[in-house]
Amino acid sequence: MNENAPEGVAVDDARSREILGLGWGGVAHFADLLAQEGELRGLIGPRELPKLWTRHVLNSAAVAQFLPETGSLADVGSGAGLPGVVLALMRPDLEVHLVEPMQRRVEWLREVGEELDLDNVTVHQVRAEELHGRLLVDAVTARAVAALDRLAQFCMPLVAPGGRLLAQKGQRAEEEVAKADRVLHKLGVVEVTVHAVDMLGDGDVTRVVEARKR
Ligand SMILES: C[S@@+](CC[C@H](N)C(=O)[O-])C[C@H]1O[C@@H](n2cnc3c(N)ncnc32)[C@H](O)[C@@H]1O
């Protein structure tokens, strides 16, 4: 337990409730666990704590509206569980795979899965490449993992035909898409859309690159 971490980091306001829907309670619990232990366990930096709820937890929900209506999801490079744990709590109907190679992050993800009773979640301690030919899902999410051209190379082989990669990106999303154009085409991507999502209505826009596979 980190004595300096704030307790009750979740904000119970109308916007958070609207964004997280029925997942609010579980996500609030997750955020509190992360606030208590995240820094101590090297999962988040100390400067991230004050913005944990808005810039990390709620921000992770930006991809939720682009998820399939049913099926499976792999969150590649889950780290502390962003966005994978948040999405698993928002969408208990989806089968969620958290893909993360680092031991201490995997231990954290497994503990969180137990604490939050996430029975729709499987944690894989591997690099995404190691799952090629072994796992196929309807959607892959990735937040702050790699530049799009490289990310697509290890994520697209996990995407089933007709499925999509949903990559959370910053302001340079369009540039990354232009740079990755040939790679995406080679990997069977037939359509790329960059969605601008203003989660909090404060002008701070998150870009979600949606790359749909043939
Ligand atoms: C900067 S962290 C971001 C973590 C989290 N997605 C977030 O938004 O806070 C990047 C994570 O991607 C993981 N990673 C990097 N390359 C990967 C790969 N090829 N397959 C799976 N995970 C990978 C790293 O271990 C690390 O935990």
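Numbers below:
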quantity	calculated
Average Cα contact separation per residue, the chain, under 8 Å, 6 or more apart, as relative contact order %	17
The chain - convex hull of the alpha-carbon atoms, volume per residue in Å³	110
Segment 15-133: relative contact order as a whole-number percent, Cα under 8 Å and 6+ apart	24
Helix-only CD estimate at 222 nm, as mean residue ellipticity for the chain, using -39500 (n - 2.57) per DSSP H run (n ≥ 4)	-9000 deg cm²/dmol
Per residue value of the accessible surface for segment 14-213 (all protein chains in place, 1.4 Å probe), Å²	45
Candidate residues K186, K169: accessible-area rank, largest first, probe 1.4 Å	K186, K169
Whole-number percent relative contact order across segment 94-141, with pairs defined as alpha carbons under 8 Å at least 6 apart	47
Cα-based shape type of segment 138-206, given that a ≥ b ≥ c are square roots of the gyration tensor eigenvalues and the cut on a/c is 1.5	prolate
FRET efficiency, 1/(1 + (r/R0)^6) with R0 22 Å, evaluated for D93 and E130 via beta carbons	0.20
Accessible area in the full protein assembly, largest first, 1.4 Å probe, for T54, T206	T54, T206
Three-way shape call for segment 3-106 based on the alpha-carbon gyration tensor, with the a/c threshold at 1.5	oblate
C-alpha long axis of helix 24-37 to longest principal axis of the chain, angle in °	70
Calculated FRET efficiency for the pair R214/L40, C-beta based, R₀ 45 Å, to 0.05	0.50
Cβ-defined net charge surrounding H124, 14 Å radius [Lys, Arg +1; Asp, Glu -1]	-2
Distance (nanometres) between label positions extended 7 Å along Cα→Cβ at E114 and V205	4.4
For M90, solvent-accessible area (1.4 Å; no DNA, RNA or ligand), Å²	40
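The values are calculated or read from the model by the stated rules, or taken from the named source; none is laboratory data. In this text, all values refer to a predicted model and were calculated from it rather than measured experimentally. Reconstructed Cβ throughout: ideal geometry from the backbone, glycine too, with neighbour counts over all protein chains shown. Only protein heavy atoms, including side chains, enter the accessible area calculation; ligands, DNA and RNA are left aside. Shrake-Rupley method; radii C 1.70, N 1.55, O 1.52, S 1.80 Å.
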